[in-house]
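S.K.: The structure under discussion is supplied below as structure tokens; questions concerning it will follow.
Every number in this text was worked out from the coordinates using simple rules, so none of it is lab data. Note that the coordinates shown come from a computational prediction; the quantities given were computed from them, not determined experimentally. Positions of Cβ are backbone-derived with ideal geometry, glycine not excepted, and every protein chain shown enters the neighbour counts.
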Amino acid sequence: MQYWGLIWLCPEQKRKIWDEKRELYSKVIVALEDISYWAEQVRSEHCGEYTSRSGSNIEQSMREVQKLAVTGRLVMNDEFYGLLVAVNSALQKENFSVHEAAQEAFDNPQSVHLFRHALAVRDTVQEYLPKLIKSAKRELPKQT
């Protein structure tokens, strides 16, 4: 009787673990998409294109990526976690490289420094986001 209970619990336990992973993967993907959206809004505004300028919280999203790059190791698969650490490092490197040179220019939405920074951030996110999604999809539970 206990044997049948274990068989029944195993898929349920796997589903719980996947739900935890899915939540973390979603947080990473949503935060990176928000960062990419911010960068695209800066680019559009700088180039004189229409921009809605709504709904992006770049600081909160960057912080979310930073936190998950530290805490995600507990649950995330090695590939996803490695990609997360790499994108976080690349974003941090970009942030620090422009911080000193252009801090005062960031208040001006037409700033060339802000424009270049946004392009670098966007390119970094666009490089890693598809890889992270692909890695997360590999862990989807098999449907029976």
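S.K.: Can you list the HN-Hα couplings for the range 74-79, worked out from phi with the Karplus curve (6.51, -1.76, 1.60; θ = phi - 60°), rounded to whole Hz and with x for Gly and Pro?
M.R.: 5, 10, 5, 5, 4, 5
S.K.: In the neighborhood of V30, defined by Cβ-to-Cβ distances under 14 Å, what is the net charge if each Lys or Arg adds +1 and each Asp or Glu adds -1?
M.R.: 0
S.K.: May I pose another question? Net charge around H46, counting only other residues with Cβ within less than 11 Å of its Cβ (Lys, Arg = +1; Asp, Glu = -1)?
M.R.: For residues surrounding H46, the net value is -1.
S.K.: Still on this structure, please answer the following. Do any chymotrypsin sites (Phe, Trp or Tyr not before Pro) in the range 8-84 lie in a loop, going by DSSP, with at most 10 other beta-carbon atoms within 10 Å of their beta carbon, and if so which?
M.R.: Counting only loop positions with at most 10 other Cβ atoms within 10 Å, the chymotrypsin sites (Phe, Trp or Tyr not before Pro) in the range 8-84 are Y50.
S.K.: Another question about this same structure. For the range 49-100, state which GluC sites (Glu not before Pro) are in a DSSP loop and have at most 11 other beta carbons lying within 10 Å of their beta carbon.
M.R.: E49
S.K.: Cut-off under 17 Å on the C-alpha distance; same-chain residues fewer than 8 positions from K14 excluded. Which aspartates and glutamates are left, in chain and number order?
M.R.: Excluding near neighbours in sequence, the set is E23, E139.
S.K.: While we're looking at this one, here's another question. First select every other residue whose beta carbon is under 15 angstrom from the beta carbon of Q66; then total the charges, Lys and Arg +1, Asp and Glu -1.
M.R.: +1
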